[in-house]
Amino acid sequence: MNTATPSPVKMLLPRATCTSQRICCVSGFQVDACRSSSLSKNLVVAAKDSIGWCGTSSVYSKQPLNRFLLPTGALVTSKSQDIPVPPLVGDEKIGVLLLNLGGPETLEDVQPFLFNLFADPDIIRLPRLFRFLQKPLAQFISVVRAPKSKEGYASIGGGSPLRQITDAQAEELRKSLWGKQVPAKVYVGMRYWHPFTEEAIEQIKRDGITKLVVLPLYPQFSISTSGSSLRLLESIFREDEYLVNMQHTVIPSWYQREGYIKAMSNLIEQELKKFDNPEKVVIFFSAHGVPLAYVEEAGDPYKAEMEECVDLIMEELEKRRITNAYSLAYQSRVGPVEWLKPYTDETIIELGKKGVKNLLAVPISFVSEHIETLEEIDVEYKELALKSGIENWGRVPALGCEPTFISDLADAVIESLPYVGAMAVSNLEARQSLVPLGSVEELLAVYDSKRRELPPPVTVWEWGWTRSAETWNGRAAMLAVLVLLVLEVTTGEGFLHQWGILPLFH
Ligand SMILES: C=CC1=C(C)c2cc3[nH]c(cc4nc(cc5[nH]c(cc1n2)c(C)c5CCC(=O)O)C(CCC(=O)O)=C4C)c(C)c3C=C
Ligand SMILES: [Fe+2]
């Protein structure tokens, strides 16, 4: 790190950065800043290829390189590098909050974890009138599902690896940010298990973080994942004076980032090489599904983002002269409603029937190994594939702490810093930015710290004999049955007991 005295006056500060109240001078430029300008706030004076001198209009002194001065709202770019240089922050304390799902760490955790998951109105979306049933229903479903889920977690070692992997990702991201001159603290906030988002927020407050970048660890946005975590965060922020005043921004999704696409392509390329005839392998992207109604009724961008993501990876592979056949399907459906299609299991059978012999599964919606890669894909789908006539099976590992990926996440954080607390001036500006701040307009609107309202969880209602009405009628009927079941289980009385059926479940 070069902390030499700045060489004699040479004003190379780009004009744009001089126009805000505070100024940031960037590395790669030799600067004697705007000392004589009318601007009297903070300055950073940087010697060539370093950032090491900070000061005010009249005095500047050698300071630790980590004391950054941030031009609030101003985008800072350096002509000497492709990646924008980090904005510099004076007494600000930068935090990055990684949002993730969380998973049970022991078999005893499974049922309460499932309860938390099903009690989330973004996972089971009840009509407003029936919201009071959310928790009893969650209790019922979690108890019924727990034995099957426990079996799955038992088969992958007795618990989810998610906490460990996310902690490791947080540490690698922290190191990468520090390496890029951004001394940020990185926190992990899980939605359904420890460390809960609330716990992370308490730590953020204790640490006195003043600027927060919120980064969901899901490449593509879904109401059921990033949306749910952000909704929770919003309710926490709204009730807390410290947080209301803390500046923050959100990176809603990042599947289109070059670094992520390249990292995924690298992994696919490596796994293809393990087959005897790599060019004959069908690349089989398998994404976690969501109920179809999320996309068709509630406007979840998940499907569109997933398809675009797959296209981008295939384009990148094509640049590397890898032009294999590929397919995208959705896995892990839960419950009786229709989910995004095609389903992974049905597609595997279909591919087998078509004579496909070599299949490379690519988990695409999540960046850690978890129960659905380690059990569902590696065991269930592999078995199904082999039964369906596929002879050679491979699976791309989840990204985990892959260096290109982590470095790209760090760049995403750095690129988002100028937006912390600053409203994107327009959607156009947001779309042009490297960080997709405008890709989910409503979310941007909400999660820019100066705007608030979230889109309601249930959106569409049409009168008459329409598809929507049918769906809701069906759900109401299902609910009525479930209410009867819950009442029966809790009171020990009802038609199933009368018929002598229910005691079988005790
Ligand atoms: C992008 C990823 C995910 C989406 C979208 C998603 C939606 C979604 N999930 C359920 C129900 C369950 N998910 C469960 C586990 C689970 N889900 C994801 C990711 C997405 N879910 C992950 C990474 C995990 C595994 C965590 C781990 O412990 O390793 C479970 C529990 C496991 C099981 O019993 O199968 C359930 C249940 C719904 C209903 C939903 C969309 C509405
Ligand atoms: Fe899930």
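The values are calculated or read from the model by the stated rules, or taken from the named source; none is laboratory data. Because the structure is predicted, anything quoted here is derived from the model rather than measured. Quick reminder, even Gly has a Cβ in these numbers, built from the backbone with ideal geometry, and neighbours come from all protein chains shown. Just the protein is used for accessible areas: all its heavy atoms, side chains included, with ligands, DNA and RNA removed. Shrake-Rupley method; radii C 1.70, N 1.55, O 1.52, S 1.80 Å.
Tabulated data
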{"read-out": "Exclusive hit being among the acidic types (D, E) and under 21 Å from P418 (Cα atoms), set E258, E239", "value": "E258"}
{"read-out": "E234 vs. criteria modelled with pLDDT under 85, more than 16 Å from ligand 2 (Cβ to nearest atom) and surrounded by fewer than 20 Cβ atoms within 10 Å (Cβ to Cβ)", "value": "yes"}
{"read-out": "Qualifying residues in the stretch 243-263 (those that are part of a helix (DSSP H, G or I) and at pLDDT 85 or above) - the one surrounded by the fewest Cβ atoms within 10 Å (Cβ to Cβ)", "value": "E258"}
{"read-out": "Whichever residue in the stretch 121-132 is away from ligand 2 (no atom under 11 Å from the Cβ) and within 20 Å of the chain's Cα centre (by Cα) and, among such residues, is farthest from S226 (Cα to Cα)", "value": "I124"}
{"read-out": "Residues located in the stretch 81-123, provided they are within 12 Å of ligand 1 (Cβ to nearest atom), open to solvent by 30 Å² or more (accessible area, probe 1.4 Å) and at pLDDT below 95", "value": "P121, I123"}
{"read-out": "In the stretch 396-436, residue nearest to the chain's Cα centre (by Cα) [restricted to those that are among the hydrophobic types (A, V, I, L, M, F, W, C), modelled with pLDDT under 50 and farther than 28 Å from H370 by Cα]", "value": "L434"}
{"read-out": "Output for the stretch 284-299, where each listed residue is open to solvent by 40 Å² or more (accessible area, probe 1.4 Å), more than 11 Å from ligand 2 (Cβ to nearest atom) and either in a strand (DSSP E or B) or charged (D, E, K, R) (or both)", "value": "E296, E297"}
{"read-out": "The stretch 328-352, subset in a helix (DSSP H, G or I) and β-branched (V, I, T), residue farthest from ligand 1 (Cβ to nearest atom)", "value": "I349"}
{"read-out": "So L133, is it more than 25 Å from H370 (Cβ to Cβ) and modelled with pLDDT of 50 or more", "value": "yes"}
{"read-out": "Among (1) closer than 21 Å to F118 by Cβ; (2) modelled with pLDDT of 95 or more; (3) among the charged types (D, E, K, R), the one test that D207 misses", "value": "(1)"}
{"read-out": "Enumeration of residues in the stretch 300-315 that are of a type outside the set (S, T, Y) and within 16 Å of ligand 2 (Cβ to nearest atom)", "value": "D300, K303, M306"}
{"read-out": "Options E372, E296, E305: the member that is under 25 Å from S228 (Cβ atoms), within 14 Å of ligand 1 (Cβ to nearest atom) and touching a strand residue (DSSP E or B) at 6+ places or on another chain (Cβ under 7 Å)", "value": "E372"}
{"read-out": "Any hit, the stretch 316-330, residues being open to solvent by less than 20 Å² (accessible area, probe 1.4 Å) and either within 16 Å of ligand 2 (Cβ to nearest atom) or modelled with pLDDT under 95 (or both)", "value": "yes"}
{"read-out": "Filter result (touching a helix residue (DSSP H, G or I) at 6+ places or on another chain (Cβ under 7 Å) and either in a loop (DSSP other than H, G, I, E, B) or more than 15 Å from S160 (Cα to Cα) (or both)) within the stretch 102-125", "value": "G102, G103, P104, E105, F115, F118, A119, D120, P121, D122, I123, I124"}
{"read-out": "Hits in the stretch 353-409 - residues which are under 23 Å from Y302 (Cβ atoms), of a type in the set (V, I, T) and part of a loop (DSSP other than H, G, I, E, B)", "value": "I364, V367, V396"}
{"read-out": "Matching entry among Q181, Q134, Q203 (being on the phi < 0 side of the Ramachandran plot and either open to solvent by 40 Å² or more (accessible area, probe 1.4 Å) or away from ligand 1 (no atom under 16 Å from the Cβ) (or both))", "value": "Q203"}
{"read-out": "Condition check for T344: over 28 Å from A170 (Cβ atoms), within 16 Å of ligand 2 (Cβ to nearest atom) and touching a strand residue (DSSP E or B) at 6+ places or on another chain (Cβ under 7 Å)", "value": "yes"}
{"read-out": "The one condition in (1) within 16 Å of ligand 2 (Cβ to nearest atom); (2) touching a helix residue (DSSP H, G or I) at 6+ places or on another chain (Cβ under 6 Å); (3) of a type in the set (S, T, N, Q) that T166 fails to fulfil", "value": "(2)"}
{"read-out": "Within the stretch 217-241, considering residues that are in a loop (DSSP other than H, G, I, E, B) and without any contact (Cβ under 8 Å) to a residue 40 or more places away in the chain, the one nearest to ligand 1 (Cβ to nearest atom)", "value": "E239"}
